[in-house]
Amino acid sequence: MIDWTRVAELRDEIGAEDFDEIVEAFLMEVEATLEELPETAGNASKIEEKLHYLKGSALNLGFSALSALCQTAESAANAGDANVDLPAVAALYQSSRDHFLRELPKRCAA
């Protein structure tokens, strides 16, 4: 679900303080994008655009399962399929977010 190696690499690259800011910005931006997704229903191009953003953001912060799901959905939207399971994307984000926030203090303390 979470690529903890990527999380550690990013934290080491940018430092703990900046990492905390990145996490906060990531969560806010992803949640805002997820709120916008239902407005794109039926528009494969707009769905693809939003999922592309989510995929990249998720991959950068180690949300590997979310990134993979967004990649699959983005590919479907790119092929013209506007019937992407957006609730599944939102649900996976929520479970990944909860796991990430629960485990992060343990992982950073190690």
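Values as computed for the structure displayed
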{"item": "Hits in the stretch 62-107 (condition: farther than 18 Å from Arg6 by Cα, touching a residue at least 40 places away in the same chain (Cβ under 8 Å) and of a type outside the set (Val, Ile, Thr))", "result": "Ala82, Leu86, Ala90, Ser95"}
{"item": "The stretch 76-104, subset among the aliphatic types (A, V, I, L, M) and loosely packed, with under 13 Cβ neighbours inside 10 Å, residue nearest to Val23 (Cα to Cα)", "result": "Leu101"}
{"item": "Matching residues, the stretch 23-48, being charged (D, E, K, R) and either surrounded by fewer than 15 Cβ atoms within 10 Å (Cβ to Cβ) or out of contact with any helix residue (DSSP H, G or I) (no Cβ under 9 Å at 6 or more places or on another chain) (or both)", "result": "Glu24, Glu29, Glu31, Glu35, Glu36, Glu39"}
{"item": "Residues of the stretch 50-63 classified as surrounded by fewer than 17 Cβ atoms within 10 Å (Cβ to Cβ) and farther than 15 Å from Thr33 by Cα, total", "result": "1"}
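Quick note: the coordinates plus some simple rules give every number you see, no bench work behind them. Treat the numbers as computed from the prediction; the structure is a model and nothing was measured. In this analysis, Cβ positions are derived from the backbone assuming ideal geometry, glycine residues included, and neighbour counts consider all displayed protein chains.
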